[in-house]
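K.L.:
Please read through the structure below; I'll follow up with questions.
The values are calculated or read from the model by the stated rules, or taken from the named source; none is laboratory data. Please read these numbers as outputs of a predicted model, since none were measured by experiment. Ideal geometry is used to build each Cβ from the backbone, glycine not excepted, and the neighbour counts take in all protein chains shown. SASA here: full protein model, heavy atoms, side chains in, ligands and nucleic acids out. Shrake-Rupley method; radii C 1.70, N 1.55, O 1.52, S 1.80 Å.
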Amino acid sequence: MPSSSFSILLRRCRLINQPGSAELVDIAIQDNQIRAIAPQLRQTADQEIDVDGQLVSPPFVESHIHLDSALTAGQPRWNQSGTLFEGIEIWRERKQDLTLEDVKARAIATLKLQASQGVLFVRSHVDVSEPGLTALQGLLEVRQAVKDWMTLQVMAFPQDGIYGAPKNEALLEEALERGADGVGGIPHYELTREEGVRSVHRVFELAAKYNRLIDVHCDEVDDDQSRFLEVMAACAIRSDLGSGVTASHTTAFGSYDNAYAFKLMAFLERTQINFIANPLINITLQGRTDTYPKRRGVTRVKELWGHGLNVSLGNDCIQDPWYSLGTANMLEAAAMAVHVCQMTGMDEINACYDMVTIHGAKTLNLQDDYGVEVGKPANLIVLDASDRYDAIRRRATVRYVISQGQLLVQTEPPKTQWHGDER
Ligand code: FE2
């Protein structure tokens with residue numbers, strides 16, 4: 001009997017990138033590294049888990065969330081109109097009461113909710129429009145506190161606009177000096193179009209100066225004249241920031257006329273801009289001023305993906321002034337994208353799964369450390385599913401979460417008993 005040579009051995013795994021008929025494999029883990037992947041490994045391990053043919057996937061990536069506002073829905077009041085702008089007003093009231101403890105407790109509770117459902121990489125925006133930068137400080141401390149089980153990126157986000165108040169621009173830069181991983185903007189909420197354009201240029205300048213990632217809340221309106229994405233494209237083409245640039249939401253892209261959209265798409269193809277759609281929230285937030293037909297308010301996910309651009313999906317909000325629902329489940333976001341973006345072909349459904357895993361990893365610039373491959377860090381999840389389609393269709397339970405070589409979470413799927421035949 002060979003001695004125990006691995007810390008964890010997962011037996012009979014179905015790898016996500018192999019056809020259903022492929023032979024099941026064992027995955028060996030030691031010292032936070034995937035050491036071997038092969039059928040019927042002869043070695044033993046301290047902990048052996050029989051996966052029984054279930055799906056093994058790289059962890060989910062939440063590429064767009066706001067941990068600083070999470071779990072505040074109804075505080076101090078409910079968003080009755082359901083609009084982005086009422087949400088911003090409510091958050092402006094709520095953030096007067098922020099304390100470090102409040103921010104950290106809600107952020108960690110949300111991160112645990114995410115990790116419990118297989119999310120091990122998170123990009124969170126944090127509002128840096130409040131003078132004390134309490135939310136920023138809270139999330140920077142949380143980033144450190146959770147680093148042994150969760151990778152958290154913190155993006156400085158000027159919720160009230162870089163030029164919306166005199167101190168906002170300096171606060172944004174201070175956030176980068178304090179260690180935010182990236183810089184954002186909200187050009188469609190600046191007071192004028194000119195200031196919106198200026199804000200995008202400022203974001204690119206700051207990213208270059210501090211060597212940080214960019215993630216701009218861009219054109220999150222139904223206004224077909226909101227055209228700051230073209231400014232981002234121009235800045236991306238002229239900069240060397242490459243895949244470090246992300247445009248979030250871009251919902252106005254869904255309202256542009258096709259003549260403009262086709263021209264813009266060709267410009268975008270000259271960039272490496274990542275796109276993030278948040279279909280759960282934007283299907284509720286947008287189209288509020290429409291009667292009928294009522295727009296879907298989601299960017300052109302299928303077309304961006306079809307043109308070879310990197311698209312990922314996020315939840316954006318979990319129980320906050322903009323979206324009172326939310327479970328942090330990435331399969332919910334993927335399933336909503338399948339519906340709202342009409343991505344019902346099998347390759348399209350598979351793509352929606354990839355948008356909450358490998359495409360999200362690309363958005364976060366994680367490529368080298370992400371994936372179920374020998375030599376990579378031992379982060380993976382086991383789903384009660386046979387393939388990506390099955391996982392999305394049934395919102396499959398994540399049975400096991402292995403984070404940095406350790407079993408972090410284990411969940412039993414719901415079990416139904418049929419009593420009808422006994423009657
Ligand atoms: Fe957002």
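K.L.:
Placing +1 at every Lys and Arg Cβ and -1 at every Asp and Glu Cβ, with all other atoms neutral, what dipole size does the chain have around its Cα centre, in debye to the nearest 20? Intermediate values should be presented prior to the final figure.
P.N.:
Details: 41 positive and 56 negative charges, 90 e Å.
Using only the charged Cβ atoms, the result is roughly 440 debye.
K.L.:
Continuing with the same structure: Please count, across the chain, the pairs of lysine residues with Cα atoms under 23 Å apart that sit 8 or more places apart or on different chains.
P.N.:
Lysine pairs, 8 or more places apart or on different chains, close enough: 15.
K.L.:
Where does each of 350-361, 278-289 land if you order them by average Cβ count within 10 Å, highest first? Can you show the working numbers first?
P.N.:
On the way: 350-361: 24.9, 278-289: 22.5.
Descending mean neighbour count gives 350-361, 278-289.
K.L.:
Going by alpha carbons, how many degrees (0 to 90, nearest 10) lie between the helix axis of 193-210 and the longest principal axis of the chain?
P.N.:
Around 50 degrees separate the two axes.
K.L.:
In the neighborhood of Ser312, defined by Cβ-to-Cβ distances under 13 Å, what is the net charge if each Lys or Arg adds +1 and each Asp or Glu adds -1? Write out the running numbers ahead of the final one.
P.N.:
On the way: positive: Arg123, Lys362; negative: Glu62, Asp215, Asp316, Asp354.
Taking every other residue near Ser312 into account, the sum is -2.
K.L.:
Share of antiparallel DSSP beta bridges in the chain, in percent to the nearest 5?
P.N.:
Around 35 percent antiparallel, to the nearest 5.
K.L.:
Taking 8 Å as the Cα distance limit and 6 or more residues as the minimum spacing, I'd like the relative contact order of region 345-401 as a percentage.
P.N.:
Values: 50 pairs, mean separation 16.9, N = 57.
Relative contact order here is 30 percent.
K.L.:
Over region 160-244, with every protein chain in place, what whole percent of the accessible area is carbon and sulfur at 1.4 Å, could you tell me?
P.N.:
Working: 1630 of 3480 Å².
Carbon with sulfur: 47 percent of the solvent-accessible area.
K.L.:
Could you work out the relative contact order of the chain? I mean the mean sequence separation of Cα pairs under 8 Å and 6+ apart, divided by the number of residues, in percent.
P.N.:
Values: 955 pairs, mean separation 80.0, N = 423.
It comes to 19 percent, rounded to a whole number.
K.L.:
Given the rule -39500 (n - 2.57) for each run of at least 4 DSSP H residues, summed and divided by the residues of the chain, what is its mean residue ellipticity at 222 nm, to the nearest 500 deg cm²/dmol?
P.N.:
Numbers: 13 runs with 135 residues, N = 423.
Counting only the DSSP helices, I get -9500 deg cm²/dmol.
K.L.:
Taking the dipole about the Cα centre of region 60-369, with the C-beta of Lys and Arg at +1 and of Asp and Glu at -1, give me whichever of Met265, Gln342, Gly138 is farthest to the positive side.
P.N.:
Gln342
K.L.:
Just check region 246-322 against the gyration tensor rule for me: Cα atoms, a ≥ b ≥ c as the square roots of the eigenvalues, rounded for a/c under 1.5, and otherwise prolate or oblate depending on whether a/b exceeds b/c. Walk me through the numbers on the way to the answer.
P.N.:
Working: a/c = 2.72, a/b = 1.32, b/c = 2.05.
Oblate shape, in that a/c is at least 1.5 and b/c is the bigger or equal ratio.
K.L.:
Same structure again: What order, most packed first, do the peptides 6-18, 407-419 have when packing is the mean number of other Cβ atoms within 10 Å of each residue?
P.N.:
Working: 6-18: 20.3, 407-419: 10.5.
Descending packing order for the listed peptides: 6-18, 407-419.
K.L.:
I would also like to ask the following. Accessible area per residue, 1.4 Å probe, Å², for region 60-369: what's the number?
P.N.:
37 Å²
K.L.:
What is the Cα centroid distance between region 106-184 and region 56-104, reported in whole angstrom?
P.N.:
Centre-to-centre (Cα) distance: 12 Å.
K.L.:
While we're on this one: What is the distance in Å between the Cα centroid of region 186-216 and that of region 258-324?
P.N.:
19 Å
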